[in-house]
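Visitor: Submitted below is the structure of interest, expressed as structure tokens.
The values are calculated or read from the model by the stated rules, or taken from the named source; none is laboratory data. Quantities reported herein were computed from a predicted structural model and do not represent experimental measurements. Because the Cβ atoms are built from the backbone with ideal geometry, glycine has one as well, and the counts that use them run over all protein chains shown.
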Amino acid sequence: MAANGTTTSSQRKSAPRTTKTTTTSRTDAQRIREGLTKVRNGSVSYARQTAERSVDVPVGVVLTVADRVNVVVEPFTKRETAERELKSFRTQVERELNKLERRGATSRRKARTRARQTRNRVQREVKQRRRRFETTVKQNRTKAEKSLKQAQTNVQERVSALV
């Protein structure tokens, strides 16, 4: 508005905008305040959760350890239960030892069987090779003797033919 109370057309046009902007500004301001409040509350909530967590974790660890110790120690609180528990442990250890013994014996037997089979196979192969060698030597010897006799006969015939 002008100083004399009259309004110009340019002032009229700006007046509604100002109102609209003011309303929008208020809602923006409200939104900003709400956002800041949420951020503050979120930060406080996050800090509270972190603090609670830093206390809850060690307490939970202590309770878990206590439960496990209880489970381990409980059977040994009375003599009868302790003897029963020890007997159970002994039985379990004996079972495990028996399993290990059986497994070792099985492995030893298999190794011995493999060694025996290998030895027998090698012996068989050596015998076969020796037989083949001896047969080949005999055949070659026979052929050589036959060739020698034939050559000797041929030489004698030539000599007698010459004489």
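Visitor: Somewhere in the stretch 108-126, is a residue part of a helix (DSSP H, G or I), of a type in the set (Ser, Thr, Tyr) and loosely packed, with under 10 Cβ neighbours inside 10 Å? So that I can check it myself, show each step before the final result.
Guide: Step one: list which residues in the stretch 108-126 are part of a helix (DSSP H, G or I), which gives 108-126.
Those still in the list that are of a type in the set (Ser, Thr, Tyr) too: 113, 118.
From what is left, the residues that are loosely packed, with under 10 Cβ neighbours inside 10 Å are none.
Looking through the stretch 108-126, none of the residues is part of a helix (DSSP H, G or I), of a type in the set (Ser, Thr, Tyr) and loosely packed, with under 10 Cβ neighbours inside 10 Å.
Visitor: Sticking with this structure for a sec: Among the candidates ARG158, ARG114, which residue alone is basic (Lys, Arg) and at pLDDT below 95?
Guide: Numbers: ARG114 fails: at pLDDT below 95.
Testing whether each residue is basic (Lys, Arg) and at pLDDT below 95 leaves just ARG158.
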